[in-house]
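For reference, the structure is listed below as structure tokens.
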Amino acid sequence: MNTAFFFPGQGAQKPGMLHELVDDPAVQVTLDEISDVLRSDVRLLDSPEALNSTISVQLALLASGVATARALQRHGVTCCAVAGLSVGAFAAAVVAEAIALTDAVILVRSRAEKMEQLYPAGYGLAAIVGLNERQVTAIVESVHKPATPVFVGNINAPRQIVIAGSIEGMQKVLEDARRHGARKAELLHVSVPSHCPLLSSVADSLRLQINSMQLKAPKFPYIANVNARAGRSASAVATDLADNIAHGVRWHDATIVAEELGCNLFLEMPPGHTLADLAEENVPGVTASVVTPDLFRHVLQLAAT
């Protein structure tokens, strides 16, 4: 089967996530490499207390995604494309060998620090299920004000939309969404307003940092967050890594592109399951699996068929 590797973003984290990864030498080597860059043990970042920090969450997700993908690759699982949601894009770029893991750790830590400093409280993300992009956009535009900014963020599925902004503004949108028939409309466990213009300064900072780094053309297509196109150049990857924090993520479109590239097995790296669930629901004819220790051997066999 032709395999795509998917990497989840913030919101997928859970306590103990780095201690529940597959048992493989590649995992420990990767965690040690990240720890060397951080000058502290990355395994300490998955405690309930540590995960209250955006910085710990994003670094832990990077570690989990890269470590698991490298374990799969060590056993001969190859992929035809990679895609990562939000911070997951950095893991995707590392696995595609477009950026060094050391550089990705530096960028993710800087990205998370700046996000946390800009909006320490009162902002975040929310999810709306059951309304389409046009409907959600209309509600958001009616609510958005300078004092209570709110924006359309991620298009995860045709009727699963994430919004970003101030808690006050998002609560008004959620109330209106329920009145318009949304099946679900709730705040997410994310404390920063990712993927909207409020974080343009973070994107500017990342762009400057990336320009000083040595990126390469990905070994296989890197499907971008911002435009959902299959990037095949170093510049395409660099642009997406810098810009995605200030733009909405076309995740549903990215999933369709993976299928159009010939991928028919989507493997989501831990600790998430949302990306696999979305693929199963919205992309007919593909198989989607979450890489857990219990399924590790089965996934390897499935990928080899």
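Helices (runs of 4 or more DSSP H) fully within region 215-305 that include at least 1 residues being touching a Phe, Trp or Tyr at 6+ places or on another chain (Cβ under 6 Å) and modelled with pLDDT of 95 or more: 234-243, 274-282. For VAL286, work out the one condition from (1) surrounded by 21 or more Cβ atoms within 10 Å (Cβ to Cβ); (2) more than 18 Å from the chain's Cα centre (by Cα) it doesn't fulfil. Of (1) surrounded by 21 or more Cβ atoms within 10 Å (Cβ to Cβ); (2) more than 18 Å from the chain's Cα centre (by Cα), only one is false for VAL286: (1).
Select the strands (runs of 3 or more DSSP E) contained entirely in region 111-200, then report the ones holding at least 3 residues which are within 18 Å of the chain's Cα centre (by Cα) and closer than 23 Å to ALA60 by Cβ.
123-129, 150-157
Of the residues screened, ALA60 is one that is modelled with pLDDT of 95 or more and closer than 30 Å to GLY248 by Cα.
Matching residues to (1) free of Cβ contacts under 8 Å to residues at least 40 places away in the same chain; (2) within 16 Å of the chain's Cα centre (by Cα); (3) closer than 26 Å to LEU198 by Cβ:
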site	(1), (2), (3)
ALA228	yes, yes, yes
GLY231	yes, no, yes
LEU241	no, yes, yes
LEU278	no, yes, yes
HIS298	yes, no, no
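Selection of region 279-293 for residues being under 25 Å from ARG232 (Cα atoms) and touching a helix residue (DSSP H, G or I) at 6+ places or on another chain (Cβ under 7 Å) yields ALA279, VAL283, VAL286, ALA288.
Screening ILE155, ILE106 for residues that are at pLDDT 95 or above and either small (Gly, Ala, Ser) or in contact with a His (Cβ under 7 Å, 6 or more places away or on another chain) (or both) leaves exactly one candidate, ILE155.
Just one of (1) within 21 Å of HIS19 (Cβ to Cβ); (2) touching a Ser or Thr at 6+ places or on another chain (Cβ under 9 Å) fails for GLY65. It is (2).
The residues on offer are THR274, THR255, and the sole one that is β-branched (Val, Ile, Thr), farther than 28 Å from LEU45 by Cα and crowded, with 18+ Cβ neighbours inside 10 Å is THR255.
Scanning region 4-46 for residues that are under 18 Å from the mean Cα position of the chain (by Cα) and not in a loop (DSSP other than H, G, I, E, B) gives ALA4, PHE5, PHE6, PHE7, MET17, LEU18, LEU45, ASP46. The listed residues are ALA104, ALA112, ALA203, and the only one of them that is over 28 Å from ASP32 (Cα atoms) and in the same structural domain as SER235 (by TED's automatic domain parsing) turns out to be ALA203. What tally of residues in region 86-110 results from selecting those that are part of a helix (DSSP H, G or I) and either out of contact with any strand residue (DSSP E or B) (no Cβ under 8 Å at 6 or more places or on another chain) or surrounded by fewer than 16 Cβ atoms within 10 Å (Cβ to Cβ) (or both)? Of the residues in that region, 11 qualify. The residue that is nearest to GLU113 (Cα to Cα), counting only those in region 47-57 that are assigned to a helix (DSSP H, G or I) and modelled with pLDDT of 95 or more, is ILE55. Which condition number in (1) under 16 Å from the mean Cα position of the chain (by Cα); (2) hydrophobic (A, V, I, L, M, F, W, C); (3) on the phi < 0 side of the Ramachandran plot is the one that CYS263 fails? With (1) under 16 Å from the mean Cα position of the chain (by Cα); (2) hydrophobic (A, V, I, L, M, F, W, C); (3) on the phi < 0 side of the Ramachandran plot applied to CYS263, the lone miss is (1).
The residues on offer are GLY181, GLY165, and the sole one that is buried (at least 21 other Cβ atoms within 10 Å of the Cβ), on the phi > 0 side of the Ramachandran plot and of a type in the set (Gly, Ala, Ser) is GLY165.
The values are calculated or read from the model by the stated rules, or taken from the named source; none is laboratory data. Model, not experiment: these values are computed from the prediction. Positions of Cβ are generated from backbone atoms using ideal geometry, with glycine treated the same way; all protein chains shown enter the neighbour counts.
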